[in-house]
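The structure appears right after this line, and notes come after that.
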Amino acid sequence: MQSPGGALAEVRSDLFIRRRGGEELYFEIKTPDPNKGQCKTMKRDMLTIAALRKGHRAEAYAACAYNPGGDDAAFRNNFVAQFLEIPADIIVGRAFWELIGESGTYDELLEIAAEVGGSVRPLLPH
């Protein structure tokens, strides 16, 4: 049980999703190479959300849209590893897109990107 007192706290997330069943997902989205300060802030914000939403079905994550090492490679970043547990705290690439969507979301996103890239490529100077 939480005590009634305490300091006021506010966290602003990059992405908030409330699922039909009431589950809440909070994401802090960064590039795949966040710096030390960003990693510390992400961890602090995730812990703050966990405290503020205690008793609710809520989860907070750091997220990266893609893994620079490739879809099947382990995500590696020294600062991330110092402050965040991989993959418990940080969701990367396919795992991120399929958590916010459903199975197949990441592949569909790649297909759309390839289609758009193909249509735009002829318009770009060579």
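The values are calculated or read from the model by the stated rules, or taken from the named source; none is laboratory data. Keep in mind the model is a prediction, meaning the values are calculated, not measured. Heads up, the Cβs are rebuilt from the backbone with ideal geometry, glycines too, and the neighbour counts pull from every protein chain shown.
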Is it true that Gly69 is within 20 Å of Tyr106 (Cβ to Cβ) and either of a type in the set (A, V, I, L, M) or over 12 Å from the mean Cα position of the chain (by Cα) (or both)? yes
Cβ-Cβ below 9 Å, separation at least six or inter-chain, first residue in segment 97-117 and in contact (Cβ under 8 Å) with a residue 60 or more places away in the chain, second in a helix (DSSP H, G or I): which pairs? Leu99/Thr105
All but one of (1) surrounded by fewer than 16 Cβ atoms within 10 Å (Cβ to Cβ); (2) under 21 Å from Ala58 (Cβ atoms); (3) β-branched (Val, Ile, Thr) hold for Val116; state the number of the condition that does not hold. (2)
When you scan segment 68-103, how many residues do you find that are exposed (fewer than 14 other Cβ atoms within 10 Å of the Cβ) and acidic (Asp, Glu)? 4
Can you say whether Ser103 is assigned to a helix (DSSP H, G or I), more than 30 Å from Lys40 (Cα to Cα) and out of contact with any Phe, Trp or Tyr (no Cβ under 6 Å at 6 or more places or on another chain), as far as the supplied structure shows? no
What strands (runs of 3 or more DSSP E) completely inside segment 1-97 contain at least 1 residues that are over 30 Å from Ala113 (Cβ atoms) and at pLDDT 95 or above? 58-64
Leu124 versus (1) loosely packed, with under 13 Cβ neighbours inside 10 Å; (2) in contact (Cβ under 8 Å) with a residue 40 or more places away in the chain: which is the lone unmet condition? (2)
Of the residues that sit in segment 25-67 and are of a type in the set (A, V, I, L, M, F, W, C) and in contact (Cβ under 8 Å) with a residue 60 or more places away in the chain, which one is surrounded by the fewest Cβ atoms within 10 Å (Cβ to Cβ)? Leu25
Among the residues of segment 52-67, how many are more than 19 Å from Asp14 (Cβ to Cβ) and out of contact with any strand residue (DSSP E or B) (no Cβ under 7 Å at 6 or more places or on another chain)? 2
Confirm whether Gly22 is at negative phi and over 15 Å from the mean Cα position of the chain (by Cα). no
